[in-house]
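The numbers here are math on the coordinates, done by the rules we state, and not lab data. The structure displayed is predicted, hence computed values, not measured ones.
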Amino acid sequence: MAMFAPLQENLKFAGSELSRVTGLSALTAGKQLLDKGGGSAELLMMAKKMAVDAVAADEALVRGVEAVLGLYEEATRLCEEVASAQGGDSAAANVGGLSGRYADRAAAYRQGKSLV
């Protein structure tokens with residue numbers, strides 16, 4: 001496939017040039033918008049930027065809530081398993097108490113997840 005190497009290099013160069021020109025035209029269009037639109041165009045661009053940032057933060061928050069919820073559910077399950085295996089001793093009672101607290105936190109995260 002060495003015979004195609006020059007063609008591949010030309011395609012890479014053309015692709016990078018297209019990206020550079022496309023990016024430049026987008027910047028030029030944005031500058032023209034700001035020049036012609038003045039303060040209101042600047043506010044519009046700031047609002048769009050804030051919206052994009054908010055969506056990214058929202059997605060990260062939802063992933064975080066799901067991760068924490070999964071951890072609390074697994075901790076609850078494991079504590080219940082340990083408590084049932086140990087019977088009625090004091091250590092089992094302590095683990096059983098933790099299980100209830102973890103289950104409560106999981107319920108709170110489940111409720112919060114339904115809100116976001």
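For Lys49, the aspartates and glutamates whose Cα falls under 19 Å of its own Cα, not counting residues fewer than eight places away in the same chain, are Asp35, Asp58, Glu59.
Bridgeable aspartates and glutamates around Lys31 (alpha carbons under 18 Å apart, same-chain partners fewer than 8 residues away excluded): Glu42. Annotation: extensible slack from Met46 through Glu66 equals 4.2 nm (criterion: 0.36 nm per residue apart, minus Cα-Cα distance).
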